[in-house]
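Data first, discussion second: the structure below is written as structure tokens.
The values are calculated or read from the model by the stated rules, or taken from the named source; none is laboratory data. If you're wondering where the values come from, they're calculated on a predicted model, not measured in any experiment. Here the Cβ is made from the backbone with ideal geometry for all residues, glycine too, and neighbour counts use every protein chain on show.
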Amino acid sequence: MKRAGILINPFVTTESELYQPRRIAEELELLGVHAEIVPNAWKAQIGRDKIEMPCFDGYDFCVLLDKDKYVPRMLEKCGMRLFNPAAAVELCDDKMLTHIALAGVVPMPQTYPAPLCYKEEVPDEPVPLPLDFPVVVKECFGSLGKQVYLARDRAELAALSKALRRRPYLLQEYIAESAGRDVRAICVGGEIVACMKRTAEGDFRSNLSLGGRGEPYPADEEMKSLCAKVSSCLGLDYCGVDLLFGKDGYLVCEVNSNAFFSGIERVTGVNVARAYAEYMIRTVEGKI
Ligand SMILES: Nc1ncnc2c1ncn2[C@@H]1O[C@H](COP(=O)(O)OP(=O)(O)OP(=O)(O)O)[C@@H](O)[C@H]1O
Ligand SMILES: [Mg+2]
């Protein structure tokens, strides 16, 4: 019998946070793989002459649900197959790195990395603003829409720049046609397995966690092609791709390597955990 470890953040404790690893474990078990949930804390060390991580001995593969970048790299150095690979999770965790990797591969909103500021006081106008207002401001590390802001004028941008000066962030063209709506596609092995449109009332961000409403949405050819390119370019086995409605077609907004699937499972009725478990088993058996 094959064995799999499901690596989760050690501070994940609530029922809703544990839903995803438990569902993946359940589907792997149903398909004949013994799956164990492993909190990622103090289980790996660089020894005097080699990496030591006995807790992972005997696993045929690991499902990476944490965003830590060190233990996954240590696991890969020891020959472990990770779903998703460490490099893919790193690229997705940092929104600016994702945009750089996808530049020229798929269409995206115009995006500028913000200059870093090492001073205590931020000068009012460090550089001329390259985009018209309103402008989207995003922290490079963020999720659930919580670190995404809209600056409607210079004063709002100045306040945000000041608040974010110690963190990497980006400025992005505001896609007005897509205000309060976007598409979330869940992809396994580069193919869309579930797709929904998200609509918000009174907010430009359509995240379900912020009150957005989801409805099933048919995946069209343009979307399928974009998601295949995104998955292959970033090296992802599994991801959630957010697409904005641009004037001339979809624009890739961001890519989530660790996309939660409980919301989209509820909206579409698709068993995402099953699709991912089947894909992982086919891959380790060399059938993909
Ligand atoms: N450039 C933009 N123009 C218009 N709307 C945008 C733009 N960027 C983001 N949005 C809206 O804000 C939402 C949140 O943005 P984004 O997906 O980048 O953030 P997030 O916090 O990483 O979300 P997630 O929960 O998917 O991790 C998007 O789903 C979309 O509705
Ligand atoms: Mg998003």
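General remarks:
- When L234, L210, L243 are checked against the criterion of being farther than 19 Å from D93 by Cα, within 16 Å of ligand 1 (Cβ to nearest atom) and among the aliphatic types (A, V, I, L, M), L210 stands alone in meeting it.
- Contact map, region 39-57: residues that are more than 17 Å from N9 (Cβ to Cβ) and in a strand (DSSP E or B) paired with residues that are of a type in the set (S, T, N, Q) and at pLDDT 95 or above, Cβ distance under 6 Å, separation 6+ or inter-chain. Pairs shown: E52/Q45.
- Test: F83 is closer than 27 Å to S209 by Cα, out of contact with any Pro (no Cβ under 7 Å at 6 or more places or on another chain) and hydrophobic (A, V, I, L, M, F, W, C): yes
- Residue satisfying condition, being away from ligand 1 (no atom under 14 Å from the Cβ) and modelled with pLDDT of 95 or more, within set G104, G180: G104
- Scan region 61-80 for residues that are of a type in the set (K, R), surrounded by fewer than 16 Cβ atoms within 10 Å (Cβ to Cβ) and outside any loop (DSSP other than H, G, I, E, B) and the total you get is 1.
- Matching residues, region 254-283, being more than 24 Å from E221 (Cβ to Cβ), part of a helix (DSSP H, G or I) and within 16 Å of ligand 2 (Cβ to nearest atom): S262, G263
- Filtered residues of region 133-150 (kept if out of contact with any strand residue (DSSP E or B) (no Cβ under 8 Å at 6 or more places or on another chain) and either away from ligand 2 (no atom under 13 Å from the Cβ) or more than 14 Å from A163 (Cβ to Cβ) (or both)): F141, L144, G145
- Among residues of region 240-258 that are in contact (Cβ under 8 Å) with a residue 12 or more places away in the chain, those with a Cβ under 8 angstrom from a residue that is near ligand 2 (Cβ under 9 Å from one of its atoms) and hydroxyl-bearing (S, T, Y), sequence gap 6+ or separate chain, pair up as N256/S143.
- Number of residues in region 244-280 that are within 29 Å of D60 (Cα to Cα) and either of a type in the set (S, T, Y) or not assigned by TED's automatic domain parsing to the domain that holds I186 (or both): the value is 4.
- Matching residues in region 145-165 - criterion: being within 23 Å of V89 (Cα to Cα) and exposed (fewer than 13 other Cβ atoms within 10 Å of the Cβ): K146
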